[in-house]
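Input: a single structure, listed below in structure tokens.
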Amino acid sequence: MEISNATIIEGIYETHLEIKDLDRSVAFYESLGLTLGLRHPRGAFFWVTKPGEQLLGLWLVQEGKEVAKRHFAFRTSLANVLGAGDWLGERGIPLVAEFGREPKEPIVHPWMPAATVYFRDPDGNLLEFLAMLPEEPVQMPGVLYYSEWQKLCNERS
């Protein structure tokens, strides 16, 4: 049977991050609500959703080596993105500025469109909570605050 390039990929199953302190990182990702699937001397595996669907692997870097920082986004609802600042704050995790925008409210990537907030794990990996928005995409450079996006959508309707 021939495989079509257009249909073979169904999603991303797993992603991996480097870490320096296993105990600290396990506690951090558990505080986000991820389920620890396996912990071993060199790292840990977390289920992002239910077991068997999406996996996050954490790997200890070798002594004296720097962590290669990465970025990925967790998909969530708009309500969760809008409340993420408080939710993360309760866990001692601050939001961070991205794309030249201070984290006073979620930002929107109009070309998708998606609302997002950004934060870092203990090793400096850039994490994101992202919610796809129901409106039509707008091809424009840069990002908007969520309130600016709402205003733009109201003007377009």
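None of the figures in this text is laboratory data; all of them are computed from the coordinates on show. Please read these numbers as outputs of a predicted model, since none were measured by experiment. Virtual Cβ from ideal backbone geometry, glycine too; neighbours counted across all protein chains shown.
Odds and ends about this structure:
- Within-14-Å neighbourhood charge of MET112 [Cβ basis; K, R +1; D, E -1]: -2
- Net lengthening on full extension, ILE12/ASP86 (0.36 nm per residue, minus Cα-Cα): 23.8 nm
- Distant-in-sequence amide H partners of LEU17 (H built 1.01 Å from N, under 5 Å): GLY57, LEU58, TRP59
- If only the Cβ of Lys and Arg carry +1 and only the Cβ of Asp and Glu carry -1, the dipole of the chain around its Cα centre is close to 200 debye.
- Cα shape, the chain, gyration tensor, a/c 1.5 rule: oblate
- Those lysines that a straight Cα-Cα span of less than 21 Å connects to LYS65, excepting residues fewer than 8 apart in one chain: LYS20
- Binning the C-alpha pair distances of the range 1-66 at 10 Å intervals from 0 yields a P(r) profile of 20, 42, 21, 13, 4 %, listed from the shortest bin outward.
- Summarising the amide proton neighbourhood of TYR145: residues at separation of 5 or more, or on other chains, whose placed amide H is nearer than 5 Å comprise VAL108.
- Pairs exceeding 21 Å between alpha-carbon atoms, taken from LYS69/LYS104; LYS104/LYS151; LYS50/LYS104: LYS69/LYS104; LYS50/LYS104.
- For the chain, the longest principal axis of the alpha carbon atoms and the long axis of helix 78-90 meet at an angle near 50°.
- With 0.36 nm allotted per residue and the present C-alpha distance subtracted, the ASP21-TRP111 stretch has 28.7 nm of extension available.
- Note on the range 1-137: dipole from Cβ charges, positive end direction compared against ILE9, VAL96, PRO134; the farthest Cα belongs to VAL96.
- With bins 5 Å wide beginning at 0, the percent of Cα pairs of the range 116-157 falling in each bin runs 5, 16, 24, 22, 13, 10, 7, 3, 1.
- Listed residues PRO122, GLY33, ILE107: farthest to the positive end of the dipole of the chain (Cβ charges): PRO122
- Computed over the range 69-157, the P(r) curve from all C-alpha pair distances, binned at 5 Å from the origin, holds 3, 15, 25, 27, 17, 9, 4, 1, 0 percent per bin.
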